[in-house]
1. Determine the order of Leu105, Leu122 by accessible area, beginning with the largest, at a probe radius of 1.4 Å.
2. Under a Cβ-Cβ cut-off of 11 Å, what is the net charge of the residues other than His42 that fall near it, where Lys and Arg count +1 and Asp and Glu count -1?
3. Would you mind calculating the gained length between Asp85 and Glu61 on full extension (0.36 nm times residue separation, minus the Cα-Cα distance), in nm to one decimal?
4. At a probe radius of 1.4 Å, what is the per-residue accessible area of Ser106, in Å² to the nearest 10?
5. Residues with amide H under 5 Å of Val74's amide H, sequence separation 5 or more or different chain, H placed in the peptide plane at 1.01 Å from N; which?
6. When only DSSP loop residues count, what chymotrypsin sites (Phe, Trp or Tyr not before Pro) in the range 1-110 have their Cβ near at most 10 other Cβ atoms within 10 Å?
7. Could you derive backbone 3J(HN,Hα) for the range 63-77 from the dihedral phi with the Karplus parameters 6.51, -1.76 and 1.60 (θ = phi - 60°), listing whole Hz in sequence and x where the residue is Gly or Pro?
8. So, R0 is 30 Å and r is the distance between the beta-carbons of Ser99 and His30; what FRET efficiency does that work out to, to 0.05?
Amino acid sequence: KFFVWMSDIHIDPYYGVSGQYGDDAAVCPHKEAFGAADAAAHPYGAVACDPPERLWESALEAARRVSDGAEFVVFTGDFARHHQDQMPNPRADVGRTVSSVAGGLSRAFRFAQPDNIVIGALGNTDSREGYRLRVTN
């Protein structure tokens, strides 16, 4: 018996888009001199950059192919990219990312519904506030 566990995908819906992170040419905050042309040459992402949704879709498909017979699916957060507070519209962008990931999980692991379970938990980057979520006044 086994289960599927996926975590920390950090999707960047703006992967390859210039003008982020306070630099007109920046497309990745952790990789100096990595521009839009570099991102286009690496359509599934690059080391040290949060990946585009294309990598998530590929990983989901691969997990789906090898998961026949899994008892349940767990996804433990960090759906959204790092530096989410620097997205054009953090609230909407993080919300869309979380929704997209949840929808992908639901479609990929239909075998887990309704008898089995898909379990999800939010991570520290799944807030528009950037690594923190205020839970008190």
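1. Leu122, Leu105
2. With Lys, Arg at +1 and Asp, Glu at -1, the net is +1.
3. 5.7 nm is the gain from fully extending Asp85 to Glu61.
4. Answer for Ser106: close to 40 Å² accessible.
5. For Val74, the qualifying residues are Val4, Trp5, Met6, Ile119.
6. Sites meeting the loop and neighbour criteria: Phe2.
7. 3J(HN,Hα) across the range 63-77, in whole Hz: 5, 4, 4, 9, 9, 4, x, 5, 6, 6, 10, 10, 10, 10, x.
8. 0.70
The values are calculated or read from the model by the stated rules, or taken from the named source; none is laboratory data. Computed from a prediction, not measured in an experiment: that's the story for all the values here. All Cβ positions, even for glycine, are placed from backbone atoms using ideal geometry, and neighbour counts span all protein chains on display. What goes into the accessible areas is simple: the full protein's heavy atoms, side chains included, and nothing from ligands, DNA or RNA. Shrake-Rupley method; radii C 1.70, N 1.55, O 1.52, S 1.80 Å.
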